[in-house]
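The values are calculated or read from the model by the stated rules, or taken from the named source; none is laboratory data. Not measured: the values here are computed from a predicted model. Cβ atoms come from the backbone with ideal geometry, glycine included; neighbour counts cover every protein chain shown.
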């Protein structure tokens, strides 16, 4: 059961309330998305840690129902 | 679960650069694994491919080991660097080349 872009966005926001989230559907099959997530919570974190935070927000769906999520993460410009 | 972790440790320590991937370096079976192999080949960096499609225990064990839910996974000198996105981003920004040279791993092109 693939995921819906809005569902992904909602889950990320739930874990990172201040985040700005932009989701692009790469293949139209509900399985391949690209997401850009910007949040102050990423400050001081390595890229791996930032991505792990987003994967954590998706509560185990990443790699399961959600096959691919090309992630770009960053900290808001001061 | 411990013996899969020790098997993973052995793989990770077996060569400077190790990639847990779907397929082999010559025949990647997934676009993302293919991208990582392409980047490392472009840089002329020899790496060991561990084909997780042939070993379900490692396929699941590596995700718990690194707390990273997807394949491919890139390790340099035993350290987890990231998946496909991070490796590509680091390559484009030159961070990957810098990390490799810091770890004493030669890259063939002087890719800026």
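Per-structure values
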read-out: Residues located in region A:9-35, provided they are within 11 Å of another protein chain (Cβ to nearest Cβ), surrounded by fewer than 18 Cβ atoms within 10 Å (Cβ to Cβ) and within 9 Å of the chain's Cα centre (by Cα); value: A:34
read-out: Residues satisfying the stated conditions in region B:67-76, i.e. under 17 Å from residue A:50 (Cα atoms) and more than 9 Å from every other protein chain (Cβ to nearest Cβ); value: B:73, B:74
read-out: Failed item in (1) at pLDDT below 95; (2) buried (at least 17 other Cβ atoms within 10 Å of the Cβ), with residue B:67 passing the rest; value: (2)
read-out: Output for region B:61-79, where each listed residue is touching a helix residue (DSSP H, G or I) at 6+ places or on another chain (Cβ under 8 Å) and in contact (Cβ under 8 Å) with a residue 40 or more places away in the chain; value: B:61, B:62, B:65, B:71, B:72, B:73, B:74, B:75, B:76, B:78
read-out: Those residues of region A:16-37 which are part of a loop (DSSP other than H, G, I, E, B) and touching a helix residue (DSSP H, G or I) at 6+ places or on another chain (Cβ under 8 Å), in sequence order; value: A:16, A:18, A:19
read-out: Single unsatisfied condition, residue B:79 versus (1) over 11 Å from the mean Cα position of the chain (by Cα); (2) within 12 Å of chain A (Cβ to nearest Cβ); (3) over 22 Å from residue A:32 (Cβ atoms); value: (1)
read-out: Residue check for residue A:75: farther than 21 Å from residue B:30 by Cβ and surrounded by 19 or more Cβ atoms within 10 Å (Cβ to Cβ); value: no
read-out: In region A:38-73, residue nearest to the other protein chains (Cβ to nearest Cβ) [restricted to those that are within 17 Å of residue A:7 (Cα to Cα) and assigned to a helix (DSSP H, G or I)]; value: A:55
read-out: Counted residues, region B:38-54 - those being part of a loop (DSSP other than H, G, I, E, B) and free of Cβ contacts under 8 Å to residues at least 60 places away in the same chain; value: 2
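Yes/no matrix, rows are residues, columns are (1) more than 14 Å from every other protein chain (Cβ to nearest Cβ); (2) in a helix (DSSP H, G or I); (3) surrounded by fewer than 21 Cβ atoms within 10 Å (Cβ to Cβ); (4) in contact with a strand residue (DSSP E or B) (Cβ under 7 Å, 6 or more places away or on another chain):
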position: B:13; (1), (2), (3), (4): yes, yes, yes, no
position: B:26; (1), (2), (3), (4): yes, no, yes, no
position: B:36; (1), (2), (3), (4): no, yes, no, yes
position: B:59; (1), (2), (3), (4): no, yes, yes, no
position: B:63; (1), (2), (3), (4): no, yes, yes, no
position: B:88; (1), (2), (3), (4): no, yes, yes, no
position: B:92; (1), (2), (3), (4): no, yes, yes, no
position: B:99; (1), (2), (3), (4): no, yes, yes, yes
